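Following: one structure in structure tokens, then a few remarks.
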Amino acid sequence: MSTNTNKSNKSKWLHFKKNKEQKNKFDPHKAFLKLKTWWPLSKVSGRIFLIYLFIVLFGGFLLCIPGIVVNNDLNGYDFRWDYLTGIFTASSAFSDTGINIIDPSHDYTFWGQLILLILIEMGGIGVLTLKIILFISINKKISLSDTVVAQSERGNDVKSSTIELIKDGFIFLTFIQLIAAGVLFFLFFFSEPATQSLNGTELNVVSPYHNFIKSIWFAIFHSTSAINNAGYDLLSTNSLQPYNIEGHQAYAIQIVFLLEWVIGGLGYPTFHDIKRKMRARRVGQKVKFSLFTKLNFWVYSTLFVVGPLLIFLSEYSNQTNSLIFNYYTYDVDPLTQMPINVIVTEAKPTFAVAMDIIFNTTACRNAGFSTVPINDFNASSKTILSSLMFIGSAPSSTAGGIRTTTFAIILLSTWAIIRNKSYTSAFKKVIPAETVRRSFSVFFISVFILTIVIILIYFDSNGFLTPGIENGVAGELVQNQGDASIVQILTLITSAYGTVGMNPFTQHQMYNFGVLTKLLIILCMFLGQLGISNTLLAFIKPSRKTNFKYLEEDVTIG
């Protein structure tokens, strides 16, 4: 009897030991499932988020290596192994923004400029788009996973046409880019930029005039930068302003740039729709444009006309003192390197005024190139420009902002509420309620983020926001508290979020801004490139469906 009991106890002990060993044994499958549960990022948008983050961090490392970045006598700063500045520059290039601490025309060697060019191309076309184009060129099968991720990156509602849409957009943009580069080569070679402003200030220009090799490189780089709405240039610290000084105006260069960024800002689905329309017309069929294309064209064309008109009215209201309507002289503030003691000298020609307003107002939609300093516009004009930068251009394009279709849906939904309609419609199509709700979410989240960022930047860097003032007691220059600079911060932040690149602050100010300020600008550029929707989706996993919901209760609103 005891023998049977001992055997039974031994059997139980061995079974318990075996279960304990199995429990303690590492199971890779269970570990993966547990990690997947705790992993904060979603499958599709999270993958895009991580790819973009890695490119920015790695690009920032490359852009601070000695030999890539050089320490020159122009600015007096040493950017070698300055990783924060490297990340800032990589974020600006990859997001196709163009806001700089460093000056690409003087502070980078050819290899540094080439890295910038690659980052600009990757950011404008899309990383997953480039992968799919590579697979197409070598006849490799494209997985469903890559298709879904590319669909999220470049925007299309139908998975079956995503690859065709990407191919059409890439071919069209590449064709425009090559044609523009060929035209720009001759324009750069035969157009001489100004080396001084009208009051004799040196512009520190790197001129391609009558230089064959430099004209080729300038044509390739600037055509890429323009079609991708990047705003980067290799000419000077003053963008395209040397080609807009009296006696050196190169309006042909300005027009080529303008056409490129307008085309680049229309979006891949629009290019695909245009191709479908042309193909159908050849065989005698009729194909309607998608609602995306119609809304995009409607908003883009309206703002293309309304924007310059509003800026003209804003500047014309004080024409006598407007720096857009008049030439002027100025001194340079020793603390911030900003213009001070500005004196109006004579009126500009009417055509020059019109071209300055059209070029710079349309550039603020997505491009970031400028032919006049952004601070030449008055505070009212800068607020209008900030609004245009906040809206941006089309989704799935090379531009940022809340995007044209989001803005259109918000307007249409508001108009529907005013008319007491229970749904939002456009061009005889009803827009899904979920899309309307997400459009409002994108708008209000964007406003909230930018408001917080503006306040934090003022707290962190107010000492370097405005020109210095003279202390009446000590008789020396001291920093102003930046009370007049909220509009400038608004311009900078909306420029970063809209991936535009119009910067109202000097290189000296940008370098001396606090670490928090620089990180916040990087965040805005990153959000502008990835988009609020993709950023939110990166951290949102599909929710579990429930069979119940709470009771409704109405709330009185204003």
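The values are calculated or read from the model by the stated rules, or taken from the named source; none is laboratory data. Because the structure is a prediction, the values reported are computed rather than measured. Cβ coordinates were reconstructed from backbone atoms using ideal geometry, including for glycine residues, and neighbour counts include every protein chain displayed. Side chains included, ligands, DNA and RNA excluded: accessible areas come from the protein's heavy atoms. Shrake-Rupley method; radii C 1.70, N 1.55, O 1.52, S 1.80 Å.
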Practice problem: Please state which of the following conditions ALA367 fails to meet, knowing it meets all the rest: (1) open to solvent by less than 10 Å² (accessible area, probe 1.4 Å); (2) outside any loop (DSSP other than H, G, I, E, B); (3) at pLDDT below 85. | Solution: (2)
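Is it the case, given these coordinates, that ASP96 is under 18 Å from ASN229 (Cα atoms), at pLDDT 70 or above, not in a helix (DSSP H, G or I) and not aromatic (Phe, Trp, Tyr)? It would help to see each step written out before you state the result.
Values: under 18 Å from ASN229 (Cα atoms): yes; at pLDDT 70 or above: yes; not in a helix (DSSP H, G or I): yes; not aromatic (Phe, Trp, Tyr): yes.
For ASP96, the condition - under 18 Å from ASN229 (Cα atoms), at pLDDT 70 or above, not in a helix (DSSP H, G or I) and not aromatic (Phe, Trp, Tyr) - is met.
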Exercise. Within the range 288-331, count every residue that is part of a helix (DSSP H, G or I) and either in contact with a strand residue (DSSP E or B) (Cβ under 7 Å, 6 or more places away or on another chain) or open to solvent by 40 Å² or more (accessible area, probe 1.4 Å) (or both).
Key: 19
Quiz item: In the range 225-239, what residues are surrounded by fewer than 22 Cβ atoms within 10 Å (Cβ to Cβ) and modelled with pLDDT of 90 or more?
Solution: LEU234
Exercise. Just give me the residues in the range 353-364 being under 15 Å from ILE253 (Cβ atoms), open to solvent by less than 10 Å² (accessible area, probe 1.4 Å) and of a type in the set (A, V, I, L, M, F, W, C), in sequence order.
Key: PHE359, ALA363
Exercise. Give the range 242-253 a look and list any residue that's surrounded by fewer than 21 Cβ atoms within 10 Å (Cβ to Cβ) and polar (S, T, N, Q), or say none.
Key: GLN249
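Can you go through THR435, THR451, THR414 and tell me which one is under 21 Å from LEU516 (Cβ atoms) and not in a loop (DSSP other than H, G, I, E, B)? Let's see the steps before the verdict.
Details: THR435 fails: under 21 Å from LEU516 (Cβ atoms); THR414 fails: under 21 Å from LEU516 (Cβ atoms).
Of THR435, THR451, THR414, the one residue that is under 21 Å from LEU516 (Cβ atoms) and not in a loop (DSSP other than H, G, I, E, B) is THR451.
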Practice problem: Looking only at the range 518-539, decide whether some residue is assigned to a loop (DSSP other than H, G, I, E, B) and modelled with pLDDT of 85 or more. | Solution: no
Exercise. Kindly indicate whether any position in the range 254-266 is over 24 Å from PHE170 (Cβ atoms) and at pLDDT 85 or above.
Key: yes
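Return the residue satisfying two criteria in turn: it lies in the range 175-198 and is of a type outside the set (A, V, I, L, M) and surrounded by 15 or more Cβ atoms within 10 Å (Cβ to Cβ), and of such residues it is farthest from LYS275 (Cα to Cα).
Of the residues in the range 175-198, the ones of a type outside the set (A, V, I, L, M) are 175, 177, 182, 185-186, 188-193, 195-197.
Filter once more, so that each one left must be surrounded by 15 or more Cβ atoms within 10 Å (Cβ to Cβ): 177, 185, 188-189, 191-193, 197.
Working: GLN177: 18, PHE185: 29, PHE188: 32, PHE189: 34, SER191: 36, GLU192: 39, PRO193: 39, SER197: 45 Å.
Among those that are of a type outside the set (A, V, I, L, M) and surrounded by 15 or more Cβ atoms within 10 Å (Cβ to Cβ), it is SER197.
In the range 268-316, what residues are small (Gly, Ala, Ser) and closer than 24 Å to ILE384 by Cα? Working first, answer last.
Going through the range 268-316, the residues small (Gly, Ala, Ser) turn out to be 280, 284, 290, 301, 307, 314.
Selection gives SER301, GLY307, SER314.
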Exercise. Return only the number of the condition from (1) of a type in the set (D, E, K, R); (2) modelled with pLDDT of 85 or more; (3) open to solvent by 70 Å² or more (accessible area, probe 1.4 Å) that ARG281 does not satisfy.
Key: (2)
Quiz item: Considering the range 188-234 alone, what residues qualify as being among the β-branched types (Val, Ile, Thr), in a helix (DSSP H, G or I) and either farther than 18 Å from THR371 by Cα or more than 27 Å from the chain's Cα centre (by Cα) (or both)?
Solution: ILE213, ILE216, ILE220, THR224
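If we scan the range 261-274, do we find a residue that is more than 29 Å from PHE221 (Cα to Cα) and among the hydrophobic types (A, V, I, L, M, F, W, C)?
Residues of the range 261-274 more than 29 Å from PHE221 (Cα to Cα): none.
Scanning the range 261-274, I find no residue that is more than 29 Å from PHE221 (Cα to Cα) and among the hydrophobic types (A, V, I, L, M, F, W, C), so the answer is no.
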Self-check item: Residue selected from the range 446-473 under the condition at pLDDT below 50 and open to solvent by 60 Å² or more (accessible area, probe 1.4 Å), by the criterion farthest from the chain's Cα centre (by Cα)
Solution: VAL473
Quiz item: Within the range 395-407, is there a residue that is touching a Ser or Thr at 6+ places or on another chain (Cβ under 9 Å), among the aliphatic types (A, V, I, L, M), open to solvent by less than 10 Å² (accessible area, probe 1.4 Å) and outside any helix (DSSP H, G or I)?
Solution: yes
Quiz item: Of these, PHE16, PHE26, PHE49, PHE79, which one is under 16 Å from MET122 (Cβ atoms), of a type outside the set (Ser, Thr, Tyr) and either modelled with pLDDT of 65 or more or more than 31 Å from the chain's Cα centre (by Cα) (or both)?
Solution: PHE49
Quiz item: From ILE384, ILE343, which residue is within 30 Å of ASN512 (Cβ to Cβ) and either of a type in the set (D, E, K, R) or surrounded by 15 or more Cβ atoms within 10 Å (Cβ to Cβ) (or both)?
Solution: ILE384
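So, TYR511, is that one open to solvent by 60 Å² or more (accessible area, probe 1.4 Å), modelled with pLDDT of 65 or more and among the aromatic types (Phe, Trp, Tyr) or not?
Values: open to solvent by 60 Å² or more (accessible area, probe 1.4 Å): yes; modelled with pLDDT of 65 or more: yes; among the aromatic types (Phe, Trp, Tyr): yes.
The answer is yes for TYR511.
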